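What follows is a single structure, written as structure tokens, with notes after it.
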Amino acid sequence: VCHTGECVLSVTPREKTNAMELNFQQNMSDAMAVLPKLSTGLDVNVRFTGVTDFEYTPECIVFDLLNIPLYHGWLVDPQSPETVAAVGKLSYNQLVEKIIDCKHSADSSRVSEGLVAEQFLESTATQLSYHGLCELNTTAKEGEISVFFRNNHFSTMIKHKGHLYLLVTDQGFLQEESMVWESLHNVEGDGNFCNSDFRLSHAPERSPAAAHLPPSSQEQQRQIDQDYLVAVSLQQQQEGAPGPLSDLELARQLQQEEYQQQQQFQQQQQQGSQQARRREKESDCVIL
């Protein structure tokens, strides 16, 4: 963060006019205010119309000042006009709100439009579409270092000999010196690992314990999307109540539902263990 701050402070305005100077100073102030968030994550909101289209927020100023391209690949396929019409130029947050509104609409066409938009989010849960991947390959320049946003995660991306690669930063590969880059050539996220010279390398075999690791970023994002939809839906259901639910109340209600699900899961596990022990005891009995 300190090094990034020094880089931001070293930037000079491209033009020396008074208006540009004032705008530059404001951008510098906003960027410095955002820097402390780097340790926890930046808030960006994609639009589905282009790989460089984001809702303009103070967080984006850092990339602009440092002249670092920020990309994403979550695009609507223009060959699907129905989806294009449903999604439009909305950002992700706006689209989620639209889906909720359409579900509660009395207009059947609005309901259908909401279902189309929801289907788009479900079918692109990896936050990368093949149309977006093609646009990334077209837009990114050869040898260009950029930042790729996907599943609430920022990755360093480079285009090398016409192919896209993401810098490997997962803690699980900390000791794997031969795995530096991972190719980005499909939406499933199972790219090929390469060394620093972009030569193919083999990933280490996962241990059986890997099956018990926390959910992947895709699964976590899918849960976040679901929780957000539920939260907004609960908020709207309270419109006829004395007052809307606060964020804290919504969080408590969602937490209570999650706690109940965990309790049911634990009870099922306990019942399964008891039945297994009972079967073991019966098999140990010897009839004389």
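The values are calculated or read from the model by the stated rules, or taken from the named source; none is laboratory data. Since the model is a prediction, treat every value here as computed from it, not as a measurement. All Cβ positions, even for glycine, are placed from backbone atoms using ideal geometry, and neighbour counts span all protein chains on display. Accessible surface is based on the protein model in full, side chains and every heavy atom, while ligands, DNA and RNA are left aside. Shrake-Rupley method; radii C 1.70, N 1.55, O 1.52, S 1.80 Å.
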(request) Might you let me know whether the range 105-121 holds any residue that is surrounded by 14 or more Cβ atoms within 10 Å (Cβ to Cβ) and either closer than 30 Å to L65 by Cβ or assigned by the TED database to the domain that holds N45 (or both)? (result) no
(message) Given the criteria hydrophobic (A, V, I, L, M, F, W, C) and either modelled with pLDDT of 90 or more or closer than 29 Å to E122 by Cα (or both), does M157 qualify?
(response) yes
(message) Looking at Q226 and the list (1) open to solvent by less than 70 Å² (accessible area, probe 1.4 Å); (2) part of a helix (DSSP H, G or I); (3) of a type outside the set (V, I, T); (4) modelled with pLDDT under 95, which single condition is not satisfied?
(response) (1)
(message) If I ask for residues that are hydrophobic (A, V, I, L, M, F, W, C), open to solvent by 40 Å² or more (accessible area, probe 1.4 Å) and under 15 Å from G73 (Cα atoms), which ones from the range 139-182 would you list?
(response) F154
(request) Would you mind telling me which numbered condition in (1) part of a loop (DSSP other than H, G, I, E, B); (2) closer than 22 Å to R47 by Cα S155 fails? (result) (1)
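From the residues in the range 124-152 that are without any contact (Cβ under 8 Å) to a residue 40 or more places away in the chain and part of a loop (DSSP other than H, G, I, E, B), which one is farthest from T83 (Cα to Cα)?
First, pick out the residues of the range 124-152 that are without any contact (Cβ under 8 Å) to a residue 40 or more places away in the chain: 134, 137-138, 141-143.
Retained after the next criterion (residues that are part of a loop (DSSP other than H, G, I, E, B)): 141-143.
Details: K141: 29, E142: 32, G143: 34 Å.
Filtering the range 124-152 for residues that are without any contact (Cβ under 8 Å) to a residue 40 or more places away in the chain and part of a loop (DSSP other than H, G, I, E, B), the one farthest from T83 (Cα to Cα) comes out as G143.
Mind checking which residues of the range 125-141 are hydroxyl-bearing (S, T, Y) and within 15 Å of the chain's Cα centre (by Cα)? If you could, list the steps in order and put the result at the bottom.
Initial filter on the range 125-141 (hydroxyl-bearing (S, T, Y)): 126, 129-130, 138-139.
Matches in the range 125-141: T126, S129.
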